[in-house]
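> Quick one: the structure is below, questions incoming.
Any read-out appearing in this document is the output of simple, stated calculations on the displayed coordinates, not a laboratory observation. This is a predicted model, so every value here is computed, not measured. No Cβ is skipped: glycine too gets one built from the backbone with ideal geometry, and neighbour counts run over all protein chains shown.
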Amino acid sequence: MRFNGSPFRVAAALLFALVLCAPAAFAQTDSRRETVAVSYPLEQTVSLKFRGTTRLPRLSGSAKVRRTGRRNTRVELNVDNLPRAYEVGAVYTTYVLWAISPEGRADNLGELKRSGSQFIDTKIDVTTPLETFALIVTAEPHHLVRTPSRMVVLENLPPRDPGDAQISTIPVQYIGNTSDYLRDSRVPDLAARELLRTPTSLLGARQAVNLARYAGAERDADQELREAQAMLEQAENAWRLNQSEAEVDVLARRAVSLGVKAEETAELRAAARKRREEKAASDRAINEAEETAAEAGRTIQQLRDSLRKEESAREMAERDAINANQQLRELRNENARLRDELAQVRTEGDAARLKLARMEGERAAEQARADAAARAQQQQEALANLKSSLARFGTVRESGQGLVLVLPDTLWAGARAADLTPKAQSTTVEPLAALLANNPELRIRIEAHVDAKGDAAELQRLSQDRAEALAGRLVSSGVDGARIQANGMGGSVPVAANTTPAGRTRNRRVEITLTPAAGDTASSNGQQ
């Protein structure tokens, strides 16, 4: 599919401007993703389908996978209508195919190369030593990344018709690239005036140098970073001088490799520096511990001297204790006599308190019974008033859960519509919302029913849309949304036969069940 005219270039330029105004990256999840791994048998070809994620829902693809040896599995991937990577995030330049093992290890299988017009069919033919794996495609800053980003655009589906192949599927989880580079608002976008014409490899080289700089290469891998920047500058000059795209691609890919080397070197040296700092901190801690041990030795000697003095004092105290024991026996006898007297007084006091508590309990129980009777009377009156008020809108009945208001099918603009008629909104929904808003103690469950004529899934979706439309209208009219539960019941609960028009009309209804809040019920039961 090609678009060579001027209108396409104008539209593409507008799309690029929108991309540069977008955030630096769009993460689909913050931690783990789950997909399906397939165990491929030897010497048998398995066909897979791919589905687009929420970033590119219309994207699709297919692959043929054949394991030809214990350490060799071939993957032929074909992706249709693949847009340029910057369209899903301004820090991305290309797409990479990954194999995800059941343990969550990600293997970079290679880059999905593309060029030319905005949409193109992209093919890739690669091998992997894995036997059981899932396949995903992610947008990446460049093609030599070591872990997948969270910008997943394609995932494989389980094989629907494997034929004679004996396969099994395993759910796997993996963690995407958690680098702050892909979320940091300070990260520069791909600042190219003619981004649509710039080779993908040159964009990736710029990002590889940016990633190395972001990883601290200016501090820990300065020489490697300068080499990568020099090679990037050669690629930029070749592009500015209109050299062939193949020559630019070679220079740009060298710059990517040097950028990755600078990034890895910076990470290794930063880790080594951290280990040296930790070693120095450990040495300082050992020295401090040795000083503390010496101080503890001096303290122990002082304690021993104090102990000898204490032993002398103890001998004197023992002699004093002999004299004190005699006095203690006399005091114990006196204490026993006083305890007996105190026990008698406590017994008499406990009996008096028990009698008083019994009297107070009987009085409180009588008052509680009177209050419960009054509340029951008030609730009955309120229920009768509410039932009378609800009868203006439809049929009202009582159930074990509360009052049920049945609204007819005339609420809706048509038998298969989910839009309320203006008359229903003004004469039914808005007055009903005012009544429900004035009864905040009631929980509201909306159940929309339809007849059984048609596809069950479509009928379920229609009933859910109706329930949510009515709930939304009640909320916009003043009812607290936290009180409302909206359920689409499809045609699963008919009240009449679906074989006649009259029966289907009765089945197309909305039932609103009003029940007291759980807290109010528990409170009433506790008081009774």
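> Please list, ordered by chain and number, the residues whose modelled amide H lies under 5 Å from the amide H of I136; skip anything fewer than 5 residues away on the same chain.
For I136, whose amide H was placed from the backbone, the distant partners under 5 Å are W98, I100.
> Need one number: nm distance between label points at S476 and R226, each 7 Å from Cα along Cα→Cβ, rounded to one decimal.
6.6 nm
> Could you calculate the FRET efficiency of D80 with R219 from 1/(1 + (r/R0)^6), where r is the beta carbon distance between them and R0 is 45 Å, rounded to 0.05?
With R0 = 45 Å, the Cβ-Cβ based efficiency is 0.50.
> On to the next question. Only four residue types carry charge here, +1 at the Cβ of Lys and Arg and -1 at the Cβ of Asp and Glu. Report the dipole size of the stretch 399-528 about the Cα centre in Debye, rounded to the nearest 20.
Approximately 300 debye in magnitude.
> Going by amide H atoms built from the backbone, whose H comes under 5 Å of the H on T94, apart from near neighbours?
Counting only residues 5 or more places away or on other chains, the set is E140.
> Using Cα pairs under 8 angstrom and six or more residues apart, how large is the relative contact order of the stretch 379-528, in percent?
The value is 30 percent.
> Once phi is turned into ³J(HN,Hα) by the Karplus curve 6.51 cos²θ - 1.76 cosθ + 1.60 with θ = phi - 60°, what whole-Hz value does each residue of the stretch 87-94 show in order, with x for glycine and proline?
The phi angles translate into 5, 9, x, 5, 9, 9, 10, 8 Hz.
> If amide hydrogens are placed 1.01 Å from N in the peptide plane, which non-local residues have theirs closer than 5 Å to the one on V36?
Correct list: V172.
> Turning to a different aspect of this structure: To the nearest 0.05, how large is the calculated FRET efficiency for T68 and A437 if R₀ is 56 Å and r is the Cβ-Cβ distance?
0.20
> Can you work out ³J(HN,Hα) from phi for every residue in the stretch 302-315, in order, using Karplus 6.51 cos²θ - 1.76 cosθ + 1.60 and θ = phi - 60°, giving whole Hz and x for Gly and Pro?
These are the phi-based 3J(HN,Hα) values: 5, 5, 5, 4, 5, 5, 4, 5, 5, 5, 5, 5, 5, 4 Hz.
> Here is a further query. Put +1 on the Cβ of every Lys and Arg and -1 on every Asp and Glu Cβ in the stretch 240-288; which of S244, A255, A272 then has its Cα farthest towards the positive end of the dipole?
Value computed over the given set: A272.
> What order, most packed first, do the peptides 86-99, 275-288 have when packing is the mean number of other Cβ atoms within 10 Å of each residue?
Ranked by mean Cβ neighbours within 10 Å, highest first: 86-99, 275-288.
> Where in the stretch 433-465 are there GluC sites (Glu not before Pro) that are in a DSSP coil and have at most 13 other Cβ atoms within 10 angstrom of their Cβ?
E441
> Same structure again: What is the packing order of peptides 488-499, 316-327, taking the mean over residues of other C-beta atoms within 10 Å and listing the highest first?
Highest mean packing first, the order is 488-499, 316-327.
> Looking at the stretch 391-526, I'd like the Rg to Rh ratio, where Rg is from alpha-carbon atoms and Rh is Kirkwood's inverse mean 1/r.
Reported Rg/Rh, Kirkwood definition of Rh: 0.98.
> Tell me the net charge near V256. Cut-off is 12 Å between Cβ atoms, V256 excluded, with +1 for each Lys or Arg and -1 for each Asp or Glu.
0
> Could I ask something else about it? Once Rh is set to the Kirkwood radius over Cα pairs, what Stokes-Einstein translational diffusion coefficient, in µm²/s, holds for the stretch 331-474 at a temperature of 37 °C and a viscosity of 0.692 mPa s?
158 µm²/s
> I've got another one for you. Can you order the peptides 387-396, 238-247, 300-309 by their average number of other Cβ atoms within 10 Å per residue, highest first?
Packing order, densest peptide first, comes out as 387-396, 238-247, 300-309.
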